[in-house]
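Each remark here refers to the structure printed beneath this line.
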Amino acid sequence: MPALTDNELITQSRQALQSGRAALYAAYADKQHPATLLHGLSKLVDGVLRTIWRELAVPRDLALVAVGGYGRGELYPASDVDLLILLPDADKAHHQAALERLIGLLWDIGLDIGHSVRSIEECLNEATNDITVQTALLEARFLCGKRSLFADFDTAFHRQLDPLAFFEAKRLEQDERYAKHNDTAYSLEPNSKESPGGLRDLQIILWVTRAAGLGERWQQLAKTIVTTPAEARQLARCEEFLRRVRISLHLLAQRREDRLLFDHHESLAQALGFTATATRRASEVLMQRYYRNAKLVTQLNTLVLLDLTARLEHRAPIPPIEINQHFQMTHELLDIRRDDIFETNPPALLESFLLLSQRPELKGMTPRCLRALWRARERIDARFRRDPRNQDNFIALFRARRGLTHQLRRMNQFDILGAYLPAFGQIVGRMQHDLFHVYTVDQHILQVVRNLRRMSLPEFAHEYPFCSRLMAGFPERWRLFLAALFHDIAKGRGGDHSSLGSVDARQFCGQHRLTSADTDLVCFLVEKHLTMSAVAQKEDLADPDTIARFAATVGTKERLTALYLLTVCDIRGTSPKVWNVWKAKLLEDLFRITLRYLSGETVSQLAGLEERQEDARRLLRLRGLRPETEVPFWRELDTAYFLRQDSEEISWHTLTLYHRPAPETPVVRARMNPGGAGLQVMIYAHDQSELFARLCGFFARLGYTIVDAKIHTTRHHYALDSFVLLDTARDPRPYRDMIGLIDHDLAEHLIKSPPLSAPPRNRISRQVRHAALSPEVSIRADESRRQWNLSITAADRSGLLYDIARTLSRHGVTLHTAKIATLGERVEDTFLISGSELEKTATLVRLEQELLENLQI
């Protein structure tokens, strides 16, 4: 039979792959057997590769080898096909033409090839220097060519392989992978392959046991006593679920996509057979199932790797060191003295975690201790929770000087924390659709506890020095940690989770015999944990009445300090993107001015009008301005201006404008923001309609986010506006480069005053598209009924503030102040406005409706 031409071979191979995949996908849709699909796709590609190798008459002294996941005999729908072309020597040039033809043809038939061309010696050298290469070669499988060459490679590779060194390298690799994913399996868009609790956590076990000759399948691990039979079955079930998730992701995305993106949650839930309940969407049911599976994977990963550590390190037996009648230390690990200790003495369950906190020489638990702990977790029942010994041990964990975060995470990982606090168990794996949390509720809570603990440790004092100083002087810090544990514990029940959580906290404190003072502080923090953030980001901190109301809410300096610390850690625990220097400044400003109020300063002293002006004069003198020079300009500024600007801003404005209090053309000055990151921009121009909208549009086109706006009109009808701009995607250095451009281009833009253009429409983020957030608009008159408070809550997007400003401008509304608060993908903006249309019900309703229409995504 004559050899096929390359074009004929390409056509035949494509058809074979297409028809074979279609048959395999149809069978999978019918039977839902992931292993059958993965092995079937692998065998399909095996056959095509062997045919091509034979038809191209590749030199006989070469071998084609499958490596990596393909070598394991598993191919996901969109996975790479990893190949090793094994050479008898390092002379690649001799085979170059044949190899280029082979690789080109493999790409032409539509395979995503990852290939290497090496001799045996080169393979061994690469494996020595690169753990990724070594792992891929560990799963090498002969496909075609010279079988004896592959056998020589396989023998040499395993002769060189050091199972213990391989294990230690893979464990370090896992630590780095965990760190990349913030050490949590509970992000809202986890990676089914790489995140903690994903397929990699299972694969590392099989890689190590394969390298050590202990088995390549879960059932084999049970036979070699690496796992128990029950654990082997659990590992197989976890793997099957993750395989189904990853297969469905590839089929839905039509490409290699391992992340459970918001775009795919609903369709993925449908593909996997999850249905909605009366209170939860199908996607939420799916994700909670995923998180529980991920938790089980991390539990089993921890158990098996601990067991492998002891087995591979070949530690010399040493007598254990007795700790007490229940526990002993073995090789720096906490061990139980009898296998039934937790069954016969349930209080030892919490005692084990307390010992880990109290004894720094203990690095963890032995596999025997962990297995016994896990088996006995169901002994934690109502009777257990009422036992004063267990209550004392739990509170002692929070009082311990070290280890609280690690122990709470370990307790959560092994289902102990949710068993002891049933309310916590209800929020394990619960998603948060609020556009700024990126973790499940339980993981967010533990992140907040972690943040508070770090502030109490000297080695982390450099991160937030001011907070660390406050924490160092705070008595009985454990009360803050306990409040953090309860602050979101009531989420998902319906109603106000702060109030409901406070009820839970009070019941807990009563059961655990806390003093009334400690109970009141914990419950206050839980109930008011959102208050300080709302005041700092939405209300006018220059208004003494605002400070007086907030001070009345907190009542004491201790509560103020505690609420400030919890608020900082709560915001930081929502998402790495939510916290920024501007939020830090707002919260610190509110803390400091409220502390002054609680220290006895009067409202007029808080306003500090004369002190602020005097300090501004001092700064002006330092900058060379003669006495009384500022007076003409300051006559045009009213009291509200001096209340809202700090002395540094007043001196900057004065120095720039004193010699031209009534310029014909706009004055624009930008500078690095002295109060933190970003730019501060001042605009001084004839007051005009659409000015605020024009400014917002200009900044939006530059890609900046407005985080603060101070709007003021002078007595002689000039607008004196100040903005703080941030661009979180930009390196800090270009901010300085933009100053000259803004000074010139914005002034020119205001002189020309072109018609307001359409707002920029950039791509909406996945989280915004799939979050259930309806925009809200509220317009309420103040006590004088001359001004109105406009509050807006909506999903963030590019040009949003510009849209709002254009709408207000069309209705002839004047803007006096703006408080811009961005929480992840959610905005909560507050404006002080005035205008004749606001006095009429019909036009007020029309304005609200138009704002709501513009806020829709």
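Across the range 516-538, which residue is surrounded by the most Cβ atoms within 10 Å (Cβ to Cβ) among those that are hydroxyl-bearing (S, T, Y) and farther than 30 Å from L832 by Cα?
Going through the range 516-538, the residues hydroxyl-bearing (S, T, Y) turn out to be 516, 519, 531, 533.
Filter once more, so that each one left must be farther than 30 Å from L832 by Cα: 516, 519.
Values: S516: 9, T519: 18.
That would be T519.
Just one of the numbered conditions (1) open to solvent by 50 Å² or more (accessible area, probe 1.4 Å); (2) among the hydrophobic types (A, V, I, L, M, F, W, C); (3) not in a helix (DSSP H, G or I) is not true of L541: (1).
Would you be able to say whether some residue in the range 688-711 is under 29 Å from the mean Cα position of the chain (by Cα), open to solvent by 20 Å² or more (accessible area, probe 1.4 Å) and within 22 Å of A584 (Cβ to Cβ)? The answer is yes; a qualifying residue exists. All conditions but one from (1) open to solvent by less than 70 Å² (accessible area, probe 1.4 Å); (2) within 26 Å of T224 (Cα to Cα) apply to P346; the one that does not is (2). Exactly one residue out of L851, L815 is in a helix (DSSP H, G or I), surrounded by 20 or more Cβ atoms within 10 Å (Cβ to Cβ), modelled with pLDDT of 80 or more and touching a helix residue (DSSP H, G or I) at 6+ places or on another chain (Cβ under 6 Å): that is L851.
A Cβ distance below 7 Å, combined with a sequence gap of six or more or placement on separate chains, defines the contacts here; from the range 531-546, residues that are farther than 13 Å from A584 by Cα reach residues that are in a helix (DSSP H, G or I) and open to solvent by 50 Å² or more (accessible area, probe 1.4 Å) in the pairs T531/T553; L541/D589; A542/R644; P544/V603.
Scan the range 287-294 and tell me whether some residue there is buried (at least 18 other Cβ atoms within 10 Å of the Cβ), of a type in the set (A, V, I, L, M, F, W, C) and without any contact (Cβ under 8 Å) to a residue 40 or more places away in the chain. Spell out the reasoning first.
First pass over the range 287-294, keeping only residues buried (at least 18 other Cβ atoms within 10 Å of the Cβ): 287, 290-291, 293-294.
Imposing the further condition that a residue be of a type in the set (A, V, I, L, M, F, W, C) reduces the set to 287, 294.
From what is left, the residues that are without any contact (Cβ under 8 Å) to a residue 40 or more places away in the chain are none.
There is no residue in the range 287-294 that is buried (at least 18 other Cβ atoms within 10 Å of the Cβ), of a type in the set (A, V, I, L, M, F, W, C) and without any contact (Cβ under 8 Å) to a residue 40 or more places away in the chain.
Every condition in (1) surrounded by 20 or more Cβ atoms within 10 Å (Cβ to Cβ); (2) touching a helix residue (DSSP H, G or I) at 6+ places or on another chain (Cβ under 8 Å) is met by L306 except one, and the failing one is (1). Those helices (runs of 4 or more DSSP H) of the range 150-266 in which 1 or more residues are farther than 27 Å from A372 by Cβ occupy 163-180, 199-211, 229-253. Residues in the range 346-375 that are touching a residue at least 60 places away in the same chain (Cβ under 8 Å), closer than 21 Å to N390 by Cα and not aromatic (F, W, Y): 4 in all. Consider the range 498-515 and keep the residues that are of a type outside the set (S, T, N, Q) and not in a helix (DSSP H, G or I). The one that is surrounded by the fewest Cβ atoms within 10 Å (Cβ to Cβ) is R513. Looking across the range 479-497, not a single residue is open to solvent by 50 Å² or more (accessible area, probe 1.4 Å) and among the aliphatic types (A, V, I, L, M).
Yes or no: the range 151-169 includes at least one residue that is within 18 Å of A66 (Cα to Cα), in contact with a strand residue (DSSP E or B) (Cβ under 7 Å, 6 or more places away or on another chain) and buried (at least 18 other Cβ atoms within 10 Å of the Cβ). Within the range 151-169, one or more residues are within 18 Å of A66 (Cα to Cα), in contact with a strand residue (DSSP E or B) (Cβ under 7 Å, 6 or more places away or on another chain) and buried (at least 18 other Cβ atoms within 10 Å of the Cβ).
Checked against the criterion of being at positive phi, in a loop (DSSP other than H, G, I, E, B) and touching a residue at least 40 places away in the same chain (Cβ under 8 Å), the range 4-11 contains not a single residue that satisfies it.
The values are calculated or read from the model by the stated rules, or taken from the named source; none is laboratory data. Because the structure is a prediction, the values reported are computed rather than measured. Ideal geometry is used to build each Cβ from the backbone, glycine not excepted, and the neighbour counts take in all protein chains shown. Surface areas here come from the heavy atoms of the whole protein model, side chains and all, with no ligands, DNA or RNA. Shrake-Rupley method; radii C 1.70, N 1.55, O 1.52, S 1.80 Å.
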